[in-house]
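Report on the structure given below.
All of the numbers you see were taken from the coordinates with simple rules; none came from a lab. On a predicted model such as this, the values are computed, not experimentally measured, just so you know. Note that each Cβ is placed from the backbone with ideal geometry, even for glycine, and that neighbours are counted across all protein chains shown.
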Ligand SMILES: Cc1ncc(COP(=O)(O)O)c(C=O)c1O
């Protein structure tokens, strides 16, 4: 981020400036109204376009990677390891960020979604990984994040024996949520933009998976005491497991930033109505959201993350949880490249 923009952000949360960042973008993402969807849904809907962050087709993980890569550079790493699902946007962006800083990307793809379509296994993010020259290893016990992380440790130990300096991005609970700092900064950015627009945001809706986005954003909003309600739409775990995770993660982010106990359970709101049948799988709500945002606004969301989050937002409005007439911010976290992995299903929309 350009110094002046980042200075603006850390003036509101100074401890953010203590963490090394590898700069991957230099200006705020757009925050703008969505007029057609607002009319259709009966709220004042705004969007924050984190899908347009400028690295290898963008997305929320760019903000998170600034902090992981920042630490990797400090440790003089020459290789970056990460794990994720076959159509993971995080591993795609990690490979791109590693290339930018002249490190070797090694990515572990977890077979989490039972999908034997050739496009799911070869197109979309998988194709981009190949173009980025990432070394790909496959891991079949994909739903167990502790084992997935442990397998990265085994690979890293072998690399160390060969003289390499690997840095592992661990995503499992129990490891510091460093990447969430990027979303504490994003919350400051969004609040500054809303203030400039004289807009008071009542609700923010975002996808919640590893919870780095949700917990970082919630930490930022809580530190600034901004009164918006933050709704996390579950993309991987049910609401009770995810609430527990976000509570823990947000307080860990708070601790990184010098707050001993930043939030209580009341601050964590999650909704899993649009999750079934499970991670990375379509349903009628998601299909409607993908179609609605393309047709009404020309904006592309995906079946795994941003489409599920938008489906959740529509559900929260229709169920009255978000009342008519409120100011609602949708955080578009990206994920569009995964659409090419779901071609057969999307062609039928
Ligand atoms: C496009 C996109 N949106 C949202 C998420 C979920 O964010 P988080 O893992 O920070 O909860 C991801 C995670 O990979 C993603 O790729």
Helix-only [θ]222 nm of the chain, DSSP H runs n ≥ 4, -39500 (n - 2.57) each, per residue, nearest 500: -13500 deg cm²/dmol
With a point put 7 Å past each Cα toward its Cβ, work out how far residue 324 is from residue 74 in nm, to one decimal. 5.2
Taking each pair of distinct Cα atoms in the stretch 61-169 once, what is the resulting Kirkwood hydrodynamic radius in Å? 13.9
What is the order of 92, 249, fewest Cβ neighbours within 10 Å to most? 249, 92
Distance between modelled label sites at residue 153 and residue 18, nm, 7 Å Cα→Cβ extension: 2.7
Regarding the stretch 176-234, what is the average projected area of its C-alpha convex hull, in nm²? 3.7
Could you check the simple spin-label distance between residue 122 and residue 175, using points 7 Å along Cα→Cβ, in nm with one decimal? 3.1
Return the equivalent ellipsoid semi-axes of the stretch 240-315 as a descending list in whole Å, where each equals the square root of 5 times an eigenvalue of the C-alpha gyration tensor. 31, 14, 10
Based on C-alpha coordinates, I'd like the Rg and Dmax of the stretch 82-236, in Å. 17.9, 57
Contour minus Cα-Cα span, residue 288 to residue 30, at 0.36 nm per residue, comes to 90.4 nm
Would you list the P(r) distribution for the stretch 180-277, with all Cα-Cα distances sorted into 5 Å bins from 0 and each bin expressed as a whole %? 3, 15, 26, 25, 17, 10, 4, 1, 0
Gap separating the Cα centres of the stretch 328-344 and the stretch 34-55, nearest whole Å: 13
Computed Rg/Rh of the stretch 89-144, alpha carbon atoms with Kirkwood Rh: 0.98
As a percent rounded to 5, the proportion of antiparallel DSSP bridges among beta bridges in the chain is 10
Within 10 Å of each residue's Cβ, count the other Cβ atoms and sort 200, 66, 297 from fewest upward. 200, 297, 66
Take the Cα pairs of the chain, get the Kirkwood Rh, then feed it into Stokes-Einstein at 20 °C and 1.002 mPa s and tell me D in µm²/s. 106
